[in-house]
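One structure below.
The values are calculated or read from the model by the stated rules, or taken from the named source; none is laboratory data. Treat the numbers as computed from the prediction; the structure is a model and nothing was measured. With ideal geometry, Cβ positions are generated from the backbone for all residues, glycine too; neighbour counts draw on all protein chains shown.
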Amino acid sequence: MPNVTYAGQAVSVGDGGFFTDPGQWTEEMAPEIAMAEGIDQLTDRHWQVIKFMRHEYEEKGTGPTVRVLGKTSGVSIKELYQLFPKGPAKIAAKVAGIPKPRGCI
Amino acid sequence: MKQILILGGGTGGTLVANRLRRLLSPGEAEVTVVDQDDQHVYQPGLLFVPFGRADPDEITRPRHRQLRAGIGFRRAGIERVDLGSATVVLDDGAALGYDVLVVATGARLIPEETEGLDAGGWPDRVHTFYTPAGAVSLRDALAGFEGGRIAVNVVDMPIKCPVAPLEFCFLADWYFHERKIRDRVELTYVTPLDSAFTKPVASRTLGGLLADKGVGLVTEFNTGSVDTAGRPGRLVSWDGREVPFDLAVVIPLHGGAEYVTRSPGLGDELGFITVDPHTLQSAAAPNVFAIGDATGVPASKAGSVTHFEGEVLVENVVRFLGGRPLDASFDGHANCFIETGFGKALLIDFNYDTEPVTGHYPGAVGLPLLKQSRLNHLGKLMFQSFYWHGLLPGRDIPGIGSAMPERGKRGLAATRAHTTTTTTTAAGGNGAS
């Protein structure tokens, strides 16, 4: 399992750079992970999505799809793509330090 | 006398009703099926309608005629389910109480979630084959199509029969070959997934088939709008990419039945029922079960899955009524014939923990897996008869149980490592974006 360092802490990441242990994530790491994904500044709207991702993961054991995010996070799909242009469900999951959303069936 | 109420008289509702009626005496339980209409469509047949190889009349039969004697059939829409009082309110105002509720109302299409599509009618040059009327209008559009760009687009997962849009591409290739205009038709498959299919081994085979047949592949395309204002029309993704088309075949977003969203606690954000993936019992109420496309279990939305779920679900309804512990043996088994055109088909067989591999099914001597053959095509054609006369009445297929067989398969163990065992009940949605 490769290790990377965010905010001075070593963390384990898996395939695609997703956290394998969400417990290792801290809020201080988010800006650094976001920067690597081309997001220079995390706004309040980004944080709303990031916190929602953490909450959903704790409740359901997997990150939500972009469709579910658009329905329940309070941020529309259109805005989600503005916030996370490379793909909201994947990138927000990565920045929020949760595993890669489960593949579909 | 116990009341067993089954919502939906499609594949799952019908086979569960018939099996329960056989197992429980008339003195033990009343079994009632509710559906808003009396038209039971053999949905796998819809794929063949656009190519003139099936007609909606041939694949539709009355729902009530598929139910055994002693099963009640109530034709009404469903307003809501009240889990607290264990009642179902119908759209005619009647309220039906239940001791056990089985939700089998399938998935519905929600085109209006995509800009440019709406529930009232499909725009010019845009069609779907996921409804009988849509399949007929697509048949007419294909018949008049003399050349140009055809885009086959899956808007979002999960969808019913996730292989059907691929089969559509294969059959369209064959259809235009037969009409001797294949060289004038550009076919493109546009998917939100990162490859042709959801499972890696099968995805390589199916992606290879698309390439062999000259079908273009656009991946990770999350459709935001379908624009038919100009010519060509355009599929536009949320991240601003475009696919032009002269004719679009769109599989719209799916969700559970509408009443689910009006029934607090019953379903998830998309209206699919959250159930234990191994017992099929609802997480919200122990006397509620769900089967088939209506559930949020991480298995394909396919008739074969419904069939295999049926055995476990019926056993669990009987155990629940008897106060006994439930059987947690449903393994996510799915089994699908994939039409590849020119009279051939592939067969895939998989479950929650393993992906489709090569070999033979259901044992060393059997139908070839993940390989084109005429035998699989014949299997697919013969299945329609078994559907009406074996599956719906609740008969078992000789030699085929509900659990996925492992003998006859190659390299199965290696695929387990790639597939995560899932014990939660996500909507089966992809996280591809």
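The residue that is farthest from the chain's Cα centre (by Cα), among those in segment A:79-93 that are more than 7 Å from chain B (Cβ to nearest Cβ) and either of a type in the set (D, E, K, R) or assigned to a loop (DSSP other than H, G, I, E, B) (or both), is A:GLU79. For segment A:15-24, the condition holds for at least one residue, the condition being that it is small (Gly, Ala, Ser) and on the phi < 0 side of the Ramachandran plot.
A single member of B:ILE59, B:ILE78, B:ILE71 is modelled with pLDDT of 95 or more, crowded, with 23+ Cβ neighbours inside 10 Å and not assigned by TED's automatic domain parsing to the domain that holds B:ASP396, and it is B:ILE78. Selection of segment A:41-60 for residues being of a type in the set (Phe, Trp, Tyr) and away from chain B (no Cβ under 14 Å) yields only A:TRP47. Of everything in segment B:36-56 that is among the aliphatic types (A, V, I, L, M) and assigned to a helix (DSSP H, G or I), the residue that is surrounded by the most Cβ atoms within 10 Å (Cβ to Cβ) is B:LEU46.
With a requirement of 1 or more residues that are under 30 Å from B:TYR352 (Cα atoms), among the polar types (S, T, N, Q) and modelled with pLDDT under 95, none of the strands (runs of 3 or more DSSP E) lying completely within segment B:169-270 satisfies it. Considering A:GLY38, A:GLY97, the condition of being outside any helix (DSSP H, G or I), out of contact with any Asp or Glu (no Cβ under 6 Å at 6 or more places or on another chain), away from chain B (no Cβ under 11 Å) and closer than 28 Å to B:THR274 by Cα is satisfied by A:GLY97 alone. Annotation for segment B:355-374: at least one member residue is crowded, with 20+ Cβ neighbours inside 10 Å and within 14 Å of chain A (Cβ to nearest Cβ). Sub-9 Å Cβ pairs linking a first residue in segment B:252-280 that is within 21 Å of B:PHE320 (Cα to Cα) and touching a residue at least 40 places away in the same chain (Cβ under 8 Å) to a second residue that is part of a loop (DSSP other than H, G, I, E, B) and aromatic (Phe, Trp, Tyr), at least 6 apart or interchain, are B:ASP276/B:PHE330; B:PRO277/B:PHE330; B:PRO277/B:TYR352; B:HIS278/B:PHE330; B:HIS278/B:TYR352; B:THR279/B:PHE330; B:LEU280/B:PHE330, ordered by first then second residue.
The number of residues in segment B:276-285 being crowded, with 22+ Cβ neighbours inside 10 Å and under 18 Å from B:ILE78 (Cβ atoms) comes to 1.
Got a sec? Which of B:ARG184, B:ARG179 is in contact (Cβ under 8 Å) with a residue 12 or more places away in the chain and more than 30 Å from B:GLY271 (Cβ to Cβ)?
Result of the check over B:ARG184, B:ARG179: B:ARG184.
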